[in-house]
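> The structure that follows is given in the form of structure tokens.
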Amino acid sequence: MMKFWLLSLLIQSWWSRCAEAEIFTSIGQMTDLIFTEKELVQSLKEYIRKEESRLVQIKSWASKLDDLTHTSTVDPEGYLSHPVNAYKLVKRMNTEWAQLESLVLQDPAEGFISNMSVQRQFFPGEEDKKGAAKALMRLQDTYKLDSESISKGRLPGMTFNALLSVDDCYDMGKTAYNDHDYYHTVLWMQQALKQLDEGEEAVVSKPDVLDYLSYSVYQMGDLPRAIQLTRRLLAVDPTHQRGGGNLRYFERLLGKEMRESNTEQPPVREEPTEFRTYERPVGHLPDRDIYEALCREEGVKMTTERQKKLFCRYHDGNRNPRLLLAPVKEEDEWDSPRIVRYLDVLSDTEIERIKEISKPRLARATVRDPKSGVLTVADYRVSKSTWLAAEDDPVVARVNQRIEDITGLTVETAELLQVANYGVGGQYEPHYDFSRRPFDSSLKTDGNRLATYLNYMSDVQAGGATVFPDFGAVVKSRKGTAVFWYNLLRSGEGDYRTKHAACPVLVGSKWVSNKWFHERGQEFRRPCGLTEVD
């Protein structure tokens, strides 16, 4: 028991040390955890084999000594009157028990612990666990998934079956509760309670679940149901101190009609609890409903008339020598503002090379604070990214050149190639690529972000589309293709229609790389307009 206690203590220590680690928002990096876990399992199995072998030896010793002491204690003096017995007793106590002590104190876990110590620096921390839970809730909201569908693994495009246990659902609810998110607390505590009612075994108890659920229901403004749930809590555990206090408090709040039942309590019975949903609280995002509907491919404003204006063609970059013999395929995605897609612009080999050199560098993506201008992480952008220069690899230089040839814009004043990986629930809420801060110091040299060129480096089984809420467009991730649009009008004013978002990845891993072009150097490649609306 002592060793298991020490092992538990050590694991808790690892989690606490990892608490400040970056959230595992990259599937590319999380795949390494799969192989780390496999290695640890092999190490654990080796520890078990050695432990079992050691216990066999100890059991043999115990059996032999049990027989011996049974005989010796019947007549201790008669037993010791034999000099051989006296000698062997002294020898056992002096030598053999010391050997047995050494055997007992041997720690076959040393190799396992050593391996764990090496690997623990790569372990997710408490923030990672919290981030993964919040990611599931984000998917739940965006794609209108009920808790049971997620718990039972009923997701579109799923290859592997994955179930959430009662304890998993409880942890999800507790994560929401600790964030004062009572809406999601109710959803997940209800699911935990449902699975308990169905007979699933768990570490967590019904009173624990009912305690969080009843209080969260109260926070959602449903006093009658809060009372019902608290009564059920007391039916399961009549001595629950907080439950008794809450019941009296809830009934007092409910009003005059409940004051009567407060003096003459009806008998409390444990009855199955019905599922109930509440209105989702208003969030920080003003166009949240439009954005999330588009992520579900609802509300797309592609009409028949608009569809007639879209064409496909071969594009040679205005007779660029490198594209004359091998023009790229160009498709119109939207007419106004114009968004085009280029097909087969990245090979599988190039994609794998870009991912290979990016993985070790991936870090939590940052955004510029609109007030301070300082780069920081934010919940509305959940991904991992890095920046690649042409000097980093010939493939990057080749891709940069291809982007310049296709767009006709110079990359001399463009930003480095940004590579991003969106993992579990990875997203980037509606935003503009251009700066709206008139005195942004970063614009002094190269000007504002003129245009965006976005490479898709993976297919996504479900979710993960690029959407434009202001005009109802949905652009899906298609491996090897790229989309392009201008962020600024010809006058240099920002085109506010280009606000866009990366929808949360529901199933799959989304890899993209993008190039942001700036104004300087493009004066003769994209001439200015004469009016503000040009």
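> Given the conditions (1) more than 24 Å from GLN140 (Cβ to Cβ); (2) surrounded by fewer than 20 Cβ atoms within 10 Å (Cβ to Cβ); (3) under 26 Å from the mean Cα position of the chain (by Cα), and given that ARG490 satisfies all but one, which numbered condition is not satisfied?
For ARG490, the exception is condition (3).
> In region 328-346, what residues are open to solvent by less than 50 Å² (accessible area, probe 1.4 Å) and not in a strand (DSSP E or B)?
If the condition is that a residue be open to solvent by less than 50 Å² (accessible area, probe 1.4 Å) and not in a strand (DSSP E or B), then ASP335, PRO337, VAL345, LEU346 are the ones that fit.
> Does any residue of region 196-218 turn out to be touching a helix residue (DSSP H, G or I) at 6+ places or on another chain (Cβ under 7 Å), without any contact (Cβ under 8 Å) to a residue 24 or more places away in the chain, buried (at least 23 other Cβ atoms within 10 Å of the Cβ) and at negative phi?
Taking every residue of region 196-218 in turn, none turns out to be touching a helix residue (DSSP H, G or I) at 6+ places or on another chain (Cβ under 7 Å), without any contact (Cβ under 8 Å) to a residue 24 or more places away in the chain, buried (at least 23 other Cβ atoms within 10 Å of the Cβ) and at negative phi.
> Residues that are modelled with pLDDT of 95 or more, in contact with a Pro (Cβ under 6 Å, 6 or more places away or on another chain) and open to solvent by 30 Å² or more (accessible area, probe 1.4 Å): does region 443-461 have at least one?
No, region 443-461 contains no residue that is modelled with pLDDT of 95 or more, in contact with a Pro (Cβ under 6 Å, 6 or more places away or on another chain) and open to solvent by 30 Å² or more (accessible area, probe 1.4 Å).
> Could you tell me whether any residue of region 204-215 is polar (S, T, N, Q), more than 18 Å from SER165 (Cβ to Cβ) and out of contact with any strand residue (DSSP E or B) (no Cβ under 6 Å at 6 or more places or on another chain)?
Yes: one or more hits.
> Right, another one. With the requirement that a residue be among the charged types (D, E, K, R) and buried (at least 18 other Cβ atoms within 10 Å of the Cβ), what does region 498-534 give you?
Correct list: LYS499, LYS510, LYS515, GLU519.
> Could you tell me which numbered condition LEU310 fails, if it satisfies all but one of (1) open to solvent by less than 40 Å² (accessible area, probe 1.4 Å); (2) in contact with a His (Cβ under 8 Å, 6 or more places away or on another chain)?
(2)
> Separate question: Output the qualifying pairs, or none if there are none: Cβ atoms under 6 angstrom, residues six or more apart or on different chains, first residue in region 400-423 and among the small types (Gly, Ala, Ser), second residue buried (at least 19 other Cβ atoms within 10 Å of the Cβ) and assigned to a loop (DSSP other than H, G, I, E, B).
Final answer for the pair search is ALA420/SER383; GLY423/THR25; GLY423/SER26.
> Please find, within region 292-307, the residue that is surrounded by the fewest Cβ atoms within 10 Å (Cβ to Cβ) out of those that are part of a helix (DSSP H, G or I) and either over 32 Å from the mean Cα position of the chain (by Cα) or of a type outside the set (A, V, I, L, M, F, W, C) (or both).
THR304
The values are calculated or read from the model by the stated rules, or taken from the named source; none is laboratory data. Note that the structure is predicted; figures quoted are calculated from it, not measured. All Cβ positions, glycine included, derive from the backbone under ideal geometry; neighbour counts span all protein chains shown. The accessibility values were calculated without ligands, DNA or RNA, using every heavy atom of the protein model including side chains. Shrake-Rupley method; radii C 1.70, N 1.55, O 1.52, S 1.80 Å.
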